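The values are calculated or read from the model by the stated rules, or taken from the named source; none is laboratory data. A quick note: this is a predicted structure, and the numbers were derived from the prediction, not measured. Counting neighbours? That spans all protein chains shown, and the Cβs are built from the backbone with ideal geometry, glycine included.
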Amino acid sequence: MHSSSELPTPRQSWIAERRDAAVATFTAKIPGIYQANIELDPDVAAWATGRSDCPSLFLTGPIGVGKTHSAWQATRQWVHHQFGASYRGTPVVESWRSTALFDALRPDADGNSGRAMVKHLQRVDLLFIDDLAAARPSTWTQERLFEIFDERYINRRPVLVTCDVLPSSLAEVTGDRVRSRLAEMCRGGVVLLQGADRRRSAAA
Ligand SMILES: Nc1ncnc2c1ncn2[C@@H]1O[C@H](COP(=O)(O)OP(=O)(O)OP(=O)(O)O)[C@@H](O)[C@H]1O
Ligand SMILES: [Mg+2]
């Protein structure tokens with residue numbers, strides 16, 4: 001039997017209900033092959049559960065090592081942990097593959113200028129960009145990327161980036177100003193996943 005002092009308060013129950021709903025909504029957005037629960041690298045798990053000093057996470061490592069899978073599962077845990085003592089409402093997470101993001105930021109996408117998109121991505125609680133070095137943005141898209149990162153940088157809003165190169169090697173993709181901001185945002189939050197290409201072992 002639990003004593004009454006151990007029972008959750010009505011507020012705690014209310015927050016737990018919202019947490020479970022938010023995690024379920026997020027889980028439904030995870031692509032099929034990344035749905036499985038995996039054991040996370042300890043530093044990734046520390047970020048996901050709010051035990052890292054750095055609010056952002058930069059996941060790097062060779063092809064197929066598990067960066068994208070780790071990022072989706074870490075984000076799911078991150079969402080869960082936003083409902084603790086510092087609860088401030090259901091967090092808004094945006095997840096984008098860099099190729100799709102750069103397409104969406106182009107002025108001709110769906111006949112709009114991409115402005116609303118920039119504003120939204122400046123403000124969301126977590127911006128997850130998968131495989132940042134995979135796409136080559138135009139100068140115009142680099143400018144939009146700068147607007148997004150600069151606003152997030154000055155407001156200390158977290159980003160989660162997966163990439164097969166280190167932040168210091170990103171200038172060609174993001175431009176120098178984004179590279180510099182990203183390096184500071186992810187200082188203490190760069191995790192190198194090491195190991196074999198898991199796609200090869202799966203095929204063996
Ligand atoms: N910890 C894990 N346990 C079991 N399977 C895993 C684990 N991490 C990743 N995988 C599987 O390995 C494969 C490759 O993972 P993933 O796509 O995350 O690699 P990646 O590092 O993002 O690769 P790329 O650099 O090509 O984007 C996927 O099928 C994924 O589900
Ligand atoms: Mg990947």
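Out of region 39-57, which residues are in contact (Cβ under 8 Å) with a residue 40 or more places away in the chain and β-branched (Val, Ile, Thr)? Working first, answer last.
Let us first name the residues in region 39-57 that are in contact (Cβ under 8 Å) with a residue 40 or more places away in the chain, namely 41, 43-44, 47, 52-57.
Selection gives Val44 alone.
Okay, residues lined up against (1) on the phi > 0 side of the Ramachandran plot; (2) among the hydroxyl-bearing types (Ser, Thr, Tyr); (3) modelled with pLDDT under 95; (4) within 16 Å of ligand 2 (Cβ to nearest atom):
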| site | (1), (2), (3), (4) |
| --- | --- |
| Ser3 | no, yes, yes, no |
| Arg11 | no, no, yes, no |
| Ile38 | no, no, no, yes |
| Ala45 | no, no, no, no |
| Ala48 | no, no, no, no |
| Pro55 | no, no, no, no |
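Which of (1) loosely packed, with under 15 Cβ neighbours inside 10 Å; (2) on the phi < 0 side of the Ramachandran plot does Arg156 not meet, given it meets every other one?
(2)
Only one of (1) touching a Gly at 6+ places or on another chain (Cβ under 7 Å); (2) more than 20 Å from Ile33 (Cα to Cα); (3) buried (at least 17 other Cβ atoms within 10 Å of the Cβ) fails for Leu101. Which number is that?
Against the list (1) touching a Gly at 6+ places or on another chain (Cβ under 7 Å); (2) more than 20 Å from Ile33 (Cα to Cα); (3) buried (at least 17 other Cβ atoms within 10 Å of the Cβ), Leu101 comes up short only on (1).
For Thr25, are the conditions met, namely being in a helix (DSSP H, G or I), under 21 Å from Ile129 (Cβ atoms) and within 14 Å of ligand 2 (Cβ to nearest atom)?
Criteria not met by Thr25.
Table: residues versus (1) part of a loop (DSSP other than H, G, I, E, B); (2) within 21 Å of Ser52 (Cβ to Cβ).
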| site | (1), (2) |
| --- | --- |
| Ala133 | no, no |
| Arg136 | yes, no |
| Thr141 | no, no |
| Arg144 | no, no |
| Glu147 | no, no |
| Asp150 | no, no |
| Tyr153 | no, yes |
| Arg157 | yes, yes |
| Thr162 | no, yes |
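Could you tell me whether region 115-125 includes any residue that is of a type in the set (A, V, I, L, M, F, W, C), closer than 25 Å to Ser52 by Cα and within 16 Å of ligand 2 (Cβ to nearest atom)?
No, that holds for no residue.
For region 47-65, what are the residues that are in a loop (DSSP other than H, G, I, E, B) and crowded, with 24+ Cβ neighbours inside 10 Å?
Passing the criteria: only Ser56.
Might you check whether a residue that is modelled with pLDDT of 95 or more, in a helix (DSSP H, G or I) and more than 16 Å from Ala22 (Cα to Cα) occurs anywhere in region 74-95?
Residues of region 74-95 that are modelled with pLDDT of 95 or more, as a first pass: 74-83, 90-95.
From the residues that got through so far, the ones that are in a helix (DSSP H, G or I) too are 74-81.
Adding the requirement that they be more than 16 Å from Ala22 (Cα to Cα) leaves none.
No, region 74-95 contains no residue that is modelled with pLDDT of 95 or more, in a helix (DSSP H, G or I) and more than 16 Å from Ala22 (Cα to Cα).
Could you tell me whether any residue of region 4-13 is surrounded by 19 or more Cβ atoms within 10 Å (Cβ to Cβ) and of a type in the set (D, E, K, R)?
There is no residue in region 4-13 that is surrounded by 19 or more Cβ atoms within 10 Å (Cβ to Cβ) and of a type in the set (D, E, K, R).
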